[in-house]
Amino acid sequence: MIESRPINKPSALSFDNTEIAFSHMSDSELKKAYWLFKVINVNFLVKIGPPITNFALKLGLPIVGIIRKTIFSHFCGGESIKDCENTINQLANYKVGTILDYSIEGENNEKAFDETCHEIISTINRATKDHKVPFSVFKVTGLARLELLEKIQRGDQLSEKENLEWLRVQSRVDMICHAAFQAGIPVMIDAEETWIQDPIDNMTIDMMKKYNRIDPIVYNTYQIYRHDRLAFLKENAQEAEENNYYLGAKLVRGAYMEKERERAAEMGYESPIQPDKAATDCDYDEAVKFCVEHLHRIAFVAGTHNENSCRNLVNLLEEHNIEGQNPKVYFSQLLGMSDNLSFNLSHANYNVVKYVPYGPVKSVLPYLFRRAQENTAIAGQMGRELGLIVKEKQRRRI
């Protein structure tokens, strides 16, 4: 739980206050962020960046150092948990918590899966030291083969070898959730593509039934850009009510929209994605409202870079006389993004956490590229980030 301070009225909350938003940045850091977002704001460069970078890496060109000093240092905490300590402490100075996110992608063997499992447990162990790291997180695809998850979702019969492999996956997930339960540190299980999400949901709900009897420890992630997720959230809440355990929910809009639509079109099935942004926004607001109205059974994290969504949640908390530091309600954003939301919310005495990705530079590149492409796809997101930085530069006269 983040330390408490006198509660400010939501009316005093301004997401345009750049002095608060960038108070953690020196002048040189602000200038660096300005040039970084100038580049990311150019969609063409974001699109050609990954293939050029991968080509340079294959040729052995010294590009890793450049990446480490630019995009990696802005959006990641470091290459190890120890490397992240400066970021953890800096965020804590402004009453913002850290979620250590081991962002390794693309591994595909049992040794790597076991190593990832142990690393995630290490993030839980780090979180037990103090209040600065209030959550842990992991992706099931860091612990299991994509092809195995696809086969399970399709309902295909598994071979004896695959059954043993699946048991090992379930064991890794249980090891992590058990460690979180023992430590009293909530752990969020990230959502993934629709064609592997069912087994992830099933495992997560099983973990909730097992470990969420006393406190909300395990959180499932609901991608609200899916048109079926609001109903699924309500079904899960009803099941938790009937079976007397807490539902942990992380509410996000989603991370795989273009991939989902393309696959649905190629394979000839109905797209699982909402028809438009307005429908997504409507369901997101309804999901947040539902969680606020059921805090006796639900603990949730509003993972959003949307200013209206943050304002909506602030207003709901006020309407229901719920303190901003209620331990069942958190706001969350990514490190290096939407600081105007994170730091202004924290300054107004709301619970805020930042996702802090970490891992070896080369291994984290897929994560970084995906994040850049996702955010340039959000209308106005990069322009908004850049505009706020420009405003603060002008305020500081630098």
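The values are calculated or read from the model by the stated rules, or taken from the named source; none is laboratory data. Given the structure is predicted, the values throughout are model-derived calculations rather than measurements. Note that we place each Cβ from the backbone using ideal geometry, even for glycine, and neighbour counts take in every protein chain shown. Remember, those area values only see protein heavy atoms, side chains included, never the ligands or the DNA or RNA. Shrake-Rupley method; radii C 1.70, N 1.55, O 1.52, S 1.80 Å.
Measure off 7 Å from each Cα along the Cα-to-Cβ vector at Gln90 and Thr128, then give the distance between these two points in nanometres to one decimal.
Once both label points are built, they end up 2.9 nm from each other.
Provide the net charge surrounding Glu392, with neighbours chosen by a C-beta distance below 15 Å and charges set as Lys +1, Arg +1, Asp -1, Glu -1.
On the way: positive: Lys31, Lys32, Lys38, Arg384, Lys391, Lys393, Arg395, Arg396, Arg397; negative: Asp16, Glu19, Asp27, Glu29, Asp339, Glu385.
Net charge around Glu392: +3.
Name the most mobile residue of Glu160, Glu19, Glu385, meaning the one with the largest mean-square fluctuation, in a Gaussian network model of the chain with Cα contacts below 10 Å.
Glu160
How much FRET efficiency would the formula 1/(1 + (r/R0)^6) give for Arg263 and Lys82, where r is the Cβ-Cβ distance and R0 is 35 Å, rounded to 0.05?
Working: r = 39 Å, r/R0 = 1.12.
Step by step, r from the Cβ atoms, then E = 0.35.
Please compute the net charge surrounding Ser136, taking Lys and Arg as +1 and Asp and Glu as -1 over other residues with Cβ under 11 Å from its Cβ. Let's see the in-between values first.
Numbers: positive: Arg126; negative: Asp101, Glu119.
Local net charge: -1.
Setting aside same-chain residues fewer than 8 positions from Lys391, which aspartates and glutamates have a Cα under 18 Å from its Cα?
Asp16, Glu19, Asp27, Glu29, Glu307, Asp339
Work out the FRET efficiency for Asn308 and Val39 from their Cβ-Cβ distance, taking R0 = 30 Å, and round it to the nearest 0.05. Don't skip to the end; give the middle numbers.
Values: r = 27 Å, r/R0 = 0.91.
Computed FRET efficiency for Asn308 and Val39 comes out at 0.65.
Considering only protein heavy atoms and a probe of 1.4 Å, how much of the accessible area of the chain is carbon and sulfur, as a whole percent? Spell out each step's value before the answer.
Details: 9220 of 17800 Å².
Of all accessible area on the chain, carbon and sulfur atoms account for 52 percent.
If you put +1 on each Lys and Arg Cβ and -1 on each Asp and Glu Cβ, how big is the dipole of the stretch 182-291 around its Cα centre, in Debye rounded to 20? Walk me through the intermediate numbers first.
Details: 13 positive and 22 negative charges, 69 e Å.
With Lys and Arg at +1 and Asp and Glu at -1, about 340 debye.
Run through all the Cα pairs of the chain and give the fraction in each 20 Å bin from 0, expressed as whole percent.
Bins of 20 Å from zero give 27, 62, 11, 0 percent of pairs.
Among the listed pairs Lys151/Lys354; Lys234/Lys328; Lys250/Lys277; Lys209/Lys259; Lys139/Lys354; Lys38/Lys111, which have their C-alpha atoms separated by more than 28 angstrom in this model? If you can, show how the numbers build up before the last one.
Working: Lys151/Lys354 34 Å; Lys234/Lys328 17 Å; Lys250/Lys277 19 Å; Lys209/Lys259 32 Å; Lys139/Lys354 17 Å; Lys38/Lys111 40 Å.
Flagged as over cut-off: Lys151/Lys354; Lys209/Lys259; Lys38/Lys111.
Using a Debye calculation, one point per C-alpha and no hydration shell, please list log10 I(q)/I(0) for the stretch 199-324 at q = 0.11, 0.14 Å⁻¹ in order.
The Cα Debye sum returns log10 ratios of -0.40, -0.64.
Using +1 on the beta carbon of Lys and Arg, -1 on that of Asp and Glu, and nothing else charged, what's the dipole of the chain about the Cα centre, debye to 20?
Numbers: 48 positive and 54 negative charges, 335 e Å.
Once rounded to the nearest 20, the dipole reads 1600 debye.
Counting each DSSP H run of 4 or more residues in the chain as -39500 (n - 2.57), what helix-only mean residue ellipticity at 222 nm follows after dividing by all residues, to the nearest 500 deg cm²/dmol? Mind showing how you got there, number by number?
Working: 16 runs with 213 residues, N = 398.
Result for the chain, helices only: -17000 deg cm²/dmol.
Per residue, how much accessible surface does the chain expose to a 1.4 Å probe? Answer in Å², no decimals. Walk me through the intermediate numbers first.
Working: 17800 Å² over 398 residues.
Ligands and nucleic acids excluded, the result is 45 Å² per residue.
Cut-off 10 angstrom, C-alpha nodes, Gaussian network model of the chain. Which of Asp339, Asp130, Asp228 fluctuates the most?
Evaluated over the chain, the most mobile residue of the options is Asp130.
Where in the chain are the DSSP H helices whose alpha-carbon span along the long axis reaches 27 Å or more and whose Kyte-Doolittle mean is at least -1.0?
On the way: long enough: 160-183 (35 Å, -0.38).
The qualifying helices are 160-183.
Looking at the square roots a ≥ b ≥ c of the eigenvalues of the Cα gyration tensor of the stretch 252-376, which shape do they give, rounded for a/c under 1.5, prolate if a/b is larger than b/c, or oblate?
oblate
Once you have the alpha carbon radius of gyration of the stretch 313-354, what is it after dividing by 2.2 N^0.38 Å, with N set to its residue count? Display every interim value, and only then the final one.
Details: Rg = 10.3 Å, N = 42, 2.2 N^0.38 = 9.1 Å.
Its radius of gyration relative to the 2.2 N^0.38 Å reference: 1.13.
Could you give the distance between the Cα centres of the stretch 77-153 and the stretch 311-340, to the whole Å?
23
Hey, in the GNM for the chain with a 10 angstrom Cα cutoff, which one of Thr304, Thr128, Thr204 fluctuates hardest?
Thr128
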